[in-house]
Amino acid sequence: MAALFAPSPHVFSNASTIARRSTALTRFSCSSDASGHRRHSLRRGAWSRENLDEIEAVSQKRISGKGRDDGAALKSFGMQKKDRGLVYDLKEPQVSDMGDFQDAAFLNAVVKVYCTHTAPDYSLPWQKQRQFTSTGSAFMIGDGKLLTNAHCVEHDTQVKVKRRGDDTKFVAKVLARGIECDIALLSVESEEFWVGAEPLRFGRLPCLQDAVTVVGYPFGGDTISVTKGVVSRIEVTSYAHGASDLLGIQIDAAINPGNSGGPAFNDQGECIGVAFQVFRSEEAENIGYVIPTTVVSHFLNDYERNGKYTGFPSLGVLLQKLENPALRACLKVPTNEGVLVRRLEPTSAASKVLKEGDVIVSFDGVHVGCEGTVPFRSTERIAFRYLISQKFSGDVVELGIIRAGTYMKVQAALHPRVHLVPYHIEGGQPSYLIIAGLVFTPLSEPLIEEECEDSLGLKLLAKARYSLARFEGEQIVILSQVLANDANIGYEDMGNQQVLKLNGTRIRNIRHLAHLVDSCKDKFLIFEFEDNFLVVLDREVAATASPCILKDYGIPSERSSDLFEPYIDTSKDNQVITEDVGDSPVSNQEIGFDGLLWA
């Protein structure tokens, strides 16, 4: 089974990150609180991410996560700017003899990251969890910026960095955080920090069996650590932190908690990627993963072009491989190529130009094989979704398709996927609404993990695992708990149930629910839940009881700050499909065999 790092007895990984949809492998993590008690959690997920570094004191904690993402172009880049873009530049190797690696000046560009985390409490969404600290690695890329992993600075309240051989910590600011690709961009304003600094240069995508050296600050000591290995595989990989599929480099060099965010070097002393996760199993050893510079360059170019990170795009189609000759003949596909469109995400632009039953045979002129692969470098092939990850949000691509035996070309715009149940909550606290002690909040993966799947019920989990968003902004709103009061007698034992309607109106998201409550003039508030359960509250009694309930439970407000903003109704929201539960998995990790894949 796959397990999160098994740290030394005094080092534990915090249970604050999201385990994503997998039944085959198990993720285990534990953390110690300030009093020294240990907490354990068993999580489901296919990948364990190499985590953060050693704890400085007994009261410090650790964080770990998951993510997955796509690859990018075969380029290496420096950090010179030109026309709001990055100039890609290969120079002479910084070191000629890797035997002198420990004395190489560019090792000074690798720094240690100290982060203080304050994660939201998803079960009690008006407050945060206990603060904890962690350490990781980062490296200089020039222009006053550093690169590290997104999971190293997740839910950060303070980030500090320290250079090799120095005893001064400098405050850093998080400029951008890419959840899907597990990359974060930091800046340090102090000029003292950059005195004598030499940023790293990025190399091209390595080849199989190329030597690789991972540098960072893993647990077990305070000084820099160097481990060596070789490149064993390059393919589209599952990123644990963001539950995405991007290009990844598999290596056999040791990656341990604390190596997160540290660079991996080739024999020429060029950075070829960022260490970020490992795969642990009783049946496998020494499987570590590095984010290649192609993915890093996509992240940086995205930030340069938009002033922020906008994400990796998606086509939004579920595809089936066409290896069977009879299946191709039935679909009137004359050649041994193409993939069959089996489902379209309603929120994707492709749903307007593609139909179920179409066969995609080319993507921007590149032929797609019957196994869902495309040419990669000179003699290799790679998953079709690699081509999509090369693009940026808003790009328009040309698809060659066969529809009912007729070949045609269509154009579709690419945008990031809209998740009905999000993997991460951006912008601080999750949304919540309290009505007479009934606590409503959107369903999210962190909430599923925190509440434990057994307490949510199979039907709600099935919606989380298999339903697609029918329109942008759709949420599954649940009643997470009931704060006992005379106004809600008989409902105290309710919890983790989806609310479907209020006074006969179907609820689109929690903002819509708040609007319906605020605008209601009826005598009763009638909530319809899953399984036909009904909750009725006297509207005036509920309004009177709410302030007392907030005071009794020490809650500062009846709703999160985002729900004070005016609700804007859109025509798109009105186009609601009556279908409740989908019949297809929503991520590649949930697909039980290789015949289907999301792109």
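Which one of Ala543, Leu479, Ser444 is farthest out on the positive end of the charge dipole of the stretch 433-568, using unit charges on Cβ (Lys, Arg +1; Asp, Glu -1) and the Cα centre as origin?
So the residue we want is Ala543.
Among Lys459, Lys162, which comes first, then next, by fewest other beta-carbon atoms within 10 Å?
Ascending Cβ contact count within 10 Å gives the list Lys459, Lys162.
Karplus couplings for the stretch 478-483 from phi (6.51 cos²θ - 1.76 cosθ + 1.60, θ = phi - 60°), rounded to Hz, Gly and Pro as x?
The phi angles translate into 10, 8, 6, 6, 10, 7 Hz.
At what distance in nm do the modelled label points of Thr544 and Gln209 sit from each other, each positioned 7 Å from its Cα along Cα→Cβ?
Those two pseudo-labels are separated by 8.3 nm.
How much length is gained if the chain between Ser190 and Phe564 is pulled fully straight, taking 0.36 nm per residue apart and subtracting their Cα-Cα distance, in nm to one decimal?
130.8 nm
Using 0.36 nm times the number of residues separating Asn306 and Asn532, minus their current alpha carbon distance, what extension gain do you get?
76.7 nm
Rounded to whole Å and sorted largest first, what semi-axes of the equivalent ellipsoid does the C-alpha gyration tensor of the stretch 228-335 yield via the square root of 5 times each eigenvalue?
Gyration-tensor ellipsoid for the stretch 228-335: 32, 22, 13 Å.
Quick one: the Cα spread of the stretch 92-246 along its three principal axes, in angstroms, biggest first?
56, 40, 31
Considering amide H positions built from the backbone, and no H for Pro or chain starts, which residues 5 or more places from Lys501, or on another chain, come under 5 Å of its amide H?
Those qualifying (amide H under 5 Å, at least 5 residues apart or on another chain) are Ile507, Glu528.
With bins 5 Å wide starting at 0, give me the P(r) of the stretch 294-441 over every alpha carbon pair, in whole percents.
All Cα pairs, binned at 5 Å, distribute as 2, 9, 15, 18, 16, 13, 9, 6, 5, 3, 2, 1, 0, 0 percent.
Cut-off is 10 Å between beta-carbons; in what order do Thr135, Thr168, Thr310 appear when sorted fewest neighbours first?
Ordered by Cβ neighbours within 10 Å, fewest first: Thr168, Thr310, Thr135.
In Å, what is the Rg of the alpha-carbon atoms in the stretch 172-224, and how long is Dmax?
15.1, 40
Please list, in order along the stretch 399-409, the HN-Hα scalar couplings obtained from phi with the Karplus expression 6.51 cos²θ - 1.76 cosθ + 1.60 (θ = phi - 60°), rounded to whole Hz, x for Gly and Pro.
10, x, 10, 10, 10, 6, x, 9, 7, 8, 10
Report ³J(HN,Hα) in whole Hz for each residue of the stretch 185-201, in order, from the Karplus equation J = 6.51 cos²θ - 1.76 cosθ + 1.60 where θ = phi - 60°; Gly and Pro get x.
So the J values, rounded to whole Hz, are 10, 10, 9, 10, 7, 5, 5, 4, 4, 8, 4, x, 6, 10, x, 7, 9.
5 Å is the cut-off here: which amide hydrogens, built 1.01 Å from N in the peptide plane, fall below it relative to Asp210, excluding neighbours closer than 5 in sequence?
Val231
Restricting everything to alpha-carbon atoms, can you work out Rg to Rh for the stretch 433-568 with a Kirkwood hydrodynamic radius?
0.94
May I ask you to order 245-254, 290-299 by the average number of other C-beta atoms within 10 Å around their residues, highest value first?
Highest mean packing first, the order is 290-299, 245-254.
Given a Förster distance of 30 Å, report the FRET efficiency between Thr335 and Lys173 from their Cβ-Cβ distance, rounded to the nearest 0.05.
0.05
Amide H of Leu246: which non-local residues (sequence gap of 5 or more, or other chain) have their own amide H closer than 5 Å, using H built in the peptide plane?
Placed amide hydrogens put Asp69, Asp70, Thr237, Tyr239 under 5 Å from Leu246.
Kindly put Cys152, Cys520, Cys207 in sequence by how many other C-beta atoms sit within 10 Å of each C-beta, fewest to most.
Cys207, Cys520, Cys152
List, in the order given, every pair from Lys355/Lys463; Lys128/Lys521; Lys228/Lys308 whose Cα-Cα distance in the structure shown is over 26 Å. The partial results should precede the final answer.
Values: Lys355/Lys463 24 Å; Lys128/Lys521 34 Å; Lys228/Lys308 34 Å.
Correct reply: Lys128/Lys521; Lys228/Lys308.
Every number in this text was worked out from the coordinates using simple rules, so none of it is lab data. Because the structure is predicted, anything quoted here is derived from the model rather than measured. Here the Cβ is made from the backbone with ideal geometry for all residues, glycine too, and neighbour counts use every protein chain on show.
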